[in-house]
Amino acid sequence: MTQLQHQVRAVQKRLQAEWLWRCVSVGLTVGGGLACVLGVARLLSQGAFGRGWVMLPAVIGVLAGVVWATVFRRTAMQAAFQIDHACRLKDRTQSALQFLHSKQSDTDPLRQLQIEDAEAHAAAIDPKQVAPVVGPRFWRLAVSSSVAAAVLAMISGPPVTVLASVQSNAVVHEQADRLDDELEELRQLQHE
């Protein structure tokens with residue numbers, strides 16, 4: 001592996017870390033928002049469904065963010081573009097990377113010079129300065145919405161059990177006794 005490829009890979013890893021953080025942040029923001037809605041619904045329905053259902057959208061949002069960031073990874077060409085952009089190299093790194101992957105790079109002296117030039121520039125770059133890992137703007141919102149959903153899930157307790165006392169009604173008892181007497185008379189008539 002050449003110095004250029006090593007530096008491109010280091011920048012690619014940093015770009016991927018930032019991309020993963022951004023995707024997880026979006027997933028957590030959306031999932032946390034849905035979890036808050038479910039938390040309010042649970043609170044209003046006096047705990048009609050479990051706490052796990054409230055937090056499930058936030059967990060699914062995080063997992064969806066991880067899957068998205070893994071499927072749509074940052075490529076070596078994107079890292080080369082970032083190096084070129086940060087170091088104002090026009091497209092030297094991208095071109096040299098393409099030349100390294102082509103079979104004609106050994107035979108063409110112009111391509112060899114471009115690769116050597118890119119190698120010289122790659123030796124001087126710092127991946128931390130080229131691709132700083134910066135948190136997404138809405139990371140605080142994502143965490144806040146998830147914490148709010150967790151609080152809503154905890155404060156919305158189980159449904160209140162209603163304990164009704166039994167009160168006897170004299171009129172109902174009299175009618176029930178009368179019906180019992182009439183039923184007994186009917187049974188006696190039926191047996192005769």
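Identify the residue in the range 117-156 that is assigned to a helix (DSSP H, G or I) and among the β-branched types (Val, Ile, Thr) and, among all such residues, is nearest to VAL62 (Cα to Cα).
At the first step, the residues of the range 117-156 found to be assigned to a helix (DSSP H, G or I) are 117-123, 127-130, 139-155.
Among the residues that remain, those that are also among the β-branched types (Val, Ile, Thr) are: 130, 143, 147, 151, 155.
Details: VAL130: 27, VAL143: 11, VAL147: 14, VAL151: 18, ILE155: 23 Å.
Here the answer is VAL143.
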ask   = Looking at (1) surrounded by fewer than 18 Cβ atoms within 10 Å (Cβ to Cβ); (2) closer than 30 Å to LEU4 by Cα; (3) of a type in the set (S, T, N, Q), which is the only condition THR93 fails?
value = (1)
query = What number of residues in the range 115-146 are free of Cβ contacts under 8 Å to residues at least 60 places away in the same chain and surrounded by 14 or more Cβ atoms within 10 Å (Cβ to Cβ)?
reply = 2
ask   = How do the pairs read when you match residues in the range 27-55 that are in contact (Cβ under 8 Å) with a residue 12 or more places away in the chain with residues anywhere that are in a helix (DSSP H, G or I) and among the charged types (D, E, K, R), using Cβ under 7 Å and keeping only pairs 6 or more apart or on different chains?
value = ALA48/ARG42; VAL54/ARG42
ask   = Would a scan of the range 73-88 turn up a residue that is in a helix (DSSP H, G or I), modelled with pLDDT of 95 or more and crowded, with 18+ Cβ neighbours inside 10 Å?
value = no
inquiry  = Please verify whether VAL151 is under 24 Å from the mean Cα position of the chain (by Cα) and surrounded by 10 or more Cβ atoms within 10 Å (Cβ to Cβ), treating the condition exactly as stated.
reply    = yes
Count - residues of the range 128-142 that are in contact with a Ser or Thr (Cβ under 9 Å, 6 or more places away or on another chain) and β-branched (Val, Ile, Thr) = 0
task = Among the numbered conditions (1) within 25 Å of TRP139 (Cβ to Cβ); (2) surrounded by fewer than 16 Cβ atoms within 10 Å (Cβ to Cβ); (3) among the hydrophobic types (A, V, I, L, M, F, W, C), tell me where LEU44 comes up short.
result = (1)
inquiry  = Condition (residue is out of contact with any strand residue (DSSP E or B) (no Cβ under 7 Å at 6 or more places or on another chain), of a type in the set (Gly, Ala, Ser) and assigned to a loop (DSSP other than H, G, I, E, B)) applied to the range 100-116: is it met by at least one residue?
reply    = yes
note = Note on the range 163-192: residues among the polar types (S, T, N, Q) and loosely packed, with under 10 Cβ neighbours inside 10 Å are SER165, GLN167, SER168, ASN169, GLN188, GLN190
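The values are calculated or read from the model by the stated rules, or taken from the named source; none is laboratory data. Quick caveat: nothing in here was measured; it's all calculated off a predicted structure. So basically every Cβ, Gly included, is an ideal-geometry build from the backbone, and we count neighbours across all protein chains shown.
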